[in-house]
Amino acid sequence: MKAITETKQLDLAHYLPEYAGSCMAAAIFEGHMGQVLANDASHPDVLVLSMPKIKFNIVGGDASHPAARKYLETLPNFSQLLFGAPGWKELVTAVHAGRLVVRKRYAFSSQSLAAEPLRVLRAKLAPEFKMVQIDLPRAGQITAQREEITKEQLFGFKSAEDFMARGIGFCVLDGERMVCIAAAGAASSKGIEIQINTDSKYRGRGLASAAAAELILWCLEHGVEPHWDAATEISAGLATKLGYTPLGAYNNYYYVGSRLLVSLVNAFRRLRGKEI
């Protein structure tokens, strides 16, 4: 598999019919982040949208092609896999039997979002806090820090300047300290991928609801798709509160390279009685 840069002649929907509308997939495909891998640059049979630094991969194309198996056999440990076309789940399960951790994610549609309920949630922000749009200095602060609420933010942008050119976000301040951030984690022609983080000391005070409402209202007013995909039940609950329509859960696969580690993870899940 080789990295390719000329993707304009390729039809994303052909290779990734299950992710053709995804903001994340489009952002990689359009060259804003990560890389596009293919077995053949001109006429690919297998296409992978990859973010190597975080080992995130959306795989698609013909899962029966030899290049598909070869790619999976060379995956580094702790690679995350999403399947954009039929046959890949069965293939990875066969290639890496017993070495996969499966976690649920929750998909949502933004079609039912309405402005008035969002305004109500935004208005509930307690008076001791202030909501501000992220400007260049704060975007620089977010990209430079590796703190609790900043380390997952703006992951799909090359720099603070890139975020200011293509992204949008808001933060809640306690004095001058950012205690909640709701921003575009990634952006493409399809819209933005929403990322929200709240300082653990400030959770349960409605900050995430208010910041998310502000961000989504901006998107609705500017014709931008505010895409939401939840990794936890807490995030899924917030999405429903904001007015998103649940589309159901789906599986996210992690190749961890070790049957023992998979056994330990599953044992810990059973011990806690819930998904970790």
For this session: Rounded to whole Hz and in sequence order, give me ³J(HN,Hα) for the range 119-133 from the Karplus expression 6.51 cos²θ - 1.76 cosθ + 1.60, θ = phi - 60°, writing x for Gly and Pro.
Result: 5, 5, 5, 4, 5, 7, 4, 4, x, 6, 10, 10, 9, 9, 6
Seminar exercise, completed: Relative contact order as a percentage, the chain, C-alpha pairs under 8 Å and 6+ apart, gives 23 percent
Exercise. On a 0 to 90 degree scale, rounded to 10, what angle separates helix 259-272 from the longest Cα axis of the chain?
Worked result: 40 degrees
Problem set entry | Choice from A85, A165, A230 with maximal GNM fluctuation in the chain (Cα, 10 Å cutoff) | A165
Problem set entry | Cα radius of gyration and Dmax for the range 105-164 (Å) | 15.2, 36
Seminar exercise, completed: Loop-resident trypsin sites (Lys or Arg not before Pro) in the range 1-91 with no more than 14 other Cβ atoms inside 10 Å, DSSP not H/G/I/E/B, are K8
For this session: Could you check what % of the DSSP bridge pairs in the range 111-227 are antiparallel, to the nearest 5?
Result: 90 percent
For this session: Calculate the length of the line joining the C-alpha centroid of the range 1-79 to that of the range 217-243, in whole Å.
Result: 26 Å
For this session: List the residues whose amide H sits under 5 Å from the amide H of L47, counting only those 5 or more places along or on another chain, with H placed 1.01 Å from N in the peptide plane.
Result: G60, G61, D62
Problem set entry | Cα centre as origin, Lys/Arg/Asp/Glu Cβ charges: the chain dipole, Debye | 1080 debye
For this session: Would you mind getting the Kirkwood hydrodynamic radius of the chain from its Cα pairs, rounded to one decimal in Å?
Result: 19.9 Å
Exercise. Which is farthest toward the positive dipole end of the chain among M51, T74, I192, measuring Cα position about the Cα centre, with Cβ charges +1 (Lys, Arg) and -1 (Asp, Glu)?
Worked result: T74
For this session: Loop only per DSSP, at most 12 neighbouring Cβ atoms within 10 Å: give me the trypsin sites (Lys or Arg not before Pro) in the range 212-276, ordered by residue number.
Result: K274
Exercise. What's the exposure ranking of L47, L264, L75, going from fewest to most Cβ atoms within 10 Å?
Worked result: L264, L75, L47
Seminar exercise, completed: Scaled by the rule-of-thumb 2.2 N^0.38 Å, the alpha carbon Rg for the range 1-118 gives a ratio of 1.13
For this session: Stick to the Cα atoms of the range 111-227, pair each with every other, and give me the Kirkwood hydrodynamic radius in Å at one decimal.
Result: 14.1 Å
Exercise. Within the range 2-97, what percent of beta bridges assigned by DSSP are antiparallel, to the nearest 5?
Worked result: 75 percent
Exercise. Among the chymotrypsin sites (Phe, Trp or Tyr not before Pro) within the range 171-276, which fall in a DSSP loop and have no more than 11 other Cβ atoms within 10 Å of their own Cβ?
Worked result: none
Problem set entry | Helical mean residue ellipticity (222 nm; -39500 (n - 2.57) per DSSP H run of 4+; nearest 500) of the chain | -9500 deg cm²/dmol
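Taken together, the values in this text are just the output of simple stated rules run on the coordinates, not laboratory data. Only a predicted model underlies this, so the values are computations on that prediction, with no experimental measurement involved. Cβ: placed from backbone, ideal geometry, glycine included. Neighbour counts: every protein chain shown.
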